[in-house]
Amino acid sequence: MTCNPIVKMKTICLIALLVVAMNVQAAAILEELECHDKVVRHGVETLILPKEVESFFGATNVDHFISNFGSKTHAPMWNSVTHFAGRYELSLQVPIAIDYDRCRLIGATNSAMVQINEVTKVELSKSGIAEARMKGQWRLNENEWKWLVESKCDWSVVKIPILTNAPVKGFDEYVRQGREPIRNRQEVFDKPIRQTIERLRKQQGNADQKDGKKK
């Protein structure tokens, strides 16, 4: 069996270009995720409403993230999500502007909205995925949220019938699965990508050394 050196060289070049492209793309993804996390940390420090959500439900019980981050067509949206009373999910959303060059939050661009969903039943699929049935959905504008804050979270002020002693079976598992992609993202997603980039770069370096010795 003979080996065409031109074909071999083209193959090597193609592999090298593929490795470089994968490195660049993966590095760009990590850079955007790191920028996202910096903006979130800055937002938690500077935005008032997310702090109010944390004050009611506990900082460790609230997840903050930004949807449409880096989008060219959709405005970024701040999200603060929490769960309470064993059956409710609360989501605060604030339209925001971002300085992507500095990875800093510029500020809110419009009024906030708060949505509360009530979970009435949680079912586990055969694969273990928790699926929730919802009943009731309430929305508060920013003024109504301020009334709730001023009343120290008296839900009757905003006419929402919150049940405080009726937890739903399986609710904790539903919450855990929903939080996992946000809370474990760096370990489950970021870290493997970094390891893959390092491995590819090492392989490319070894290939370059072997090619240099042959010359």
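Nothing in this text is a laboratory measurement; each read-out follows from the coordinates by a stated rule. These numbers come from a predicted model, not from an experiment. Using ideal geometry, Cβ is built from the backbone for each residue, glycine included, and neighbour counts are taken over all protein chains shown.
Residues of segment 81-99 with the amide nitrogen closer than 13 Å to a label point 7 Å from the Cα of Thr46, along Cα-to-Cβ, please. Residues 96-99 fall inside that zone. Structure note, pairs Lys51/Lys72; Lys135/Lys159; Lys38/Lys72; Lys135/Lys169: Cα-Cα distances above 25 angstrom occur for Lys51/Lys72. The local environment of Thr120, defined by Cβ-Cβ distances under 13 Å, has a net charge of +1 under the rule Lys, Arg +1 and Asp, Glu -1.
Three principal axis extents of segment 32-191 based on alpha-carbon atoms, in descending order, are 47, 42, 28 Å.
For Gln195 and Ala85, a Förster radius of 41 Å and the Cβ-Cβ distance give a FRET efficiency of 0.50, rounded to the nearest 0.05.
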